[in-house]
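A.B. asks: I am attaching a structure below and will ask some questions about it afterwards.
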Amino acid sequence: MKKLFVVLAILFIGILLAGCTSQPATPVATPTPTPVPTTIAPTLTPTPIPTTEVVVVVVNQTPNATPTPTPTPQPFVTITFNSDMTITPGTTVIIPVGTKVVWVNADPYKPHGVQAINVQTAQYFGSMDTITVPYGNSTPFNVTFDKAGYYDYKTVFQPETIGKIVVTQ
């Protein structure tokens, strides 16, 4: 076993010595920089009146384009008269200011309509008269509520139902 260690030690030392005796690498030539010709402006003789120099920098720049505003779609709620004499989504609707309320008659057999109960609602409906909501979706009746408040109306041409539009800020 001792002989094996001695042989390994001699091989290890031989490998180390072989690596130390290798020739150094040839140096790489570095290019010398080429001098850039420079021109030196002659010095002007001073004058009693100082001269001013104006430097104008022209930059090609696109003018600031004004973005075209994208119209915000107006929020709306649809109140539908159904053929089973019900109203969807119900008789009381809560909406924010600026929302359009659209009444649609989805009943192909009976006429339906709305009527203002008070003057406050009449200003949005145009009068205290009955407004007939036509069959189908061709020309539904719609109102945009622009002030917070409670707007009462009733349905007509069916069992009378009181409805309320609650407009919040």
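Coordinate-derived values only; no laboratory data. Small disclaimer: the values here were computed from a predicted structure and weren't measured. Quick reminder, even Gly has a Cβ in these numbers, built from the backbone with ideal geometry, and neighbours come from all protein chains shown.
A.B. asks: Estimate the FRET efficiency between THR70 and THR139 by the formula 1/(1 + (r/R0)^6), using the beta-carbon distance for r and 22 Å for R0, to the nearest 0.05. It would help to have the intermediate numbers written out before the result.
C.D. replies: On the way: r = 28 Å, r/R0 = 1.26.
With a Förster radius of 22 Å, E is 0.20.
A.B. asks: What's the FRET efficiency of LYS110 with THR168 using the Cβ-Cβ distance as r and R₀ = 30 Å, to the nearest 0.05? Numbers along the way, then the final one.
C.D. replies: Values: r = 33 Å, r/R0 = 1.09.
Taking R0 as 30 Å, the efficiency between LYS110 and THR168 is 0.40.
A.B. asks: HN-Hα J couplings of region 2-14 from phi, Karplus 6.51/-1.76/1.60, θ = phi - 60°, integer Hz, Gly and Pro as x?
C.D. replies: Going residue by residue, I get 5, 5, 5, 5, 5, 5, 5, 5, 5, 4, 4, 5, x Hz, with x marking Gly and Pro.
A.B. asks: Explain nothing, just compute: Karplus ³J(HN,Hα) = 6.51 cos²θ - 1.76 cosθ + 1.60, θ = phi - 60°, for every residue of region 74-81 in order, whole Hz, x for Gly and Pro.
C.D. replies: These are the phi-based 3J(HN,Hα) values: 6, x, 8, 10, 9, 9, 10, 8 Hz.
A.B. asks: What does the highest-first list of 94-105, 76-87, 118-129 look like by mean Cβ count within 10 Å? Don't skip to the end; give the middle numbers.
C.D. replies: Details: 94-105: 16.8, 76-87: 15.2, 118-129: 13.7.
Ranked by mean Cβ neighbours within 10 Å, highest first: 94-105, 76-87, 118-129.
A.B. asks: Further question on the same structure: Just to be sure I understand the curve: with the Debye formula and one point per C-alpha of region 76-168, what is log10 I(q)/I(0) at q = 0.17, 0.21, 0.22, 0.26 Å⁻¹?
C.D. replies: -0.64, -1.01, -1.11, -1.54
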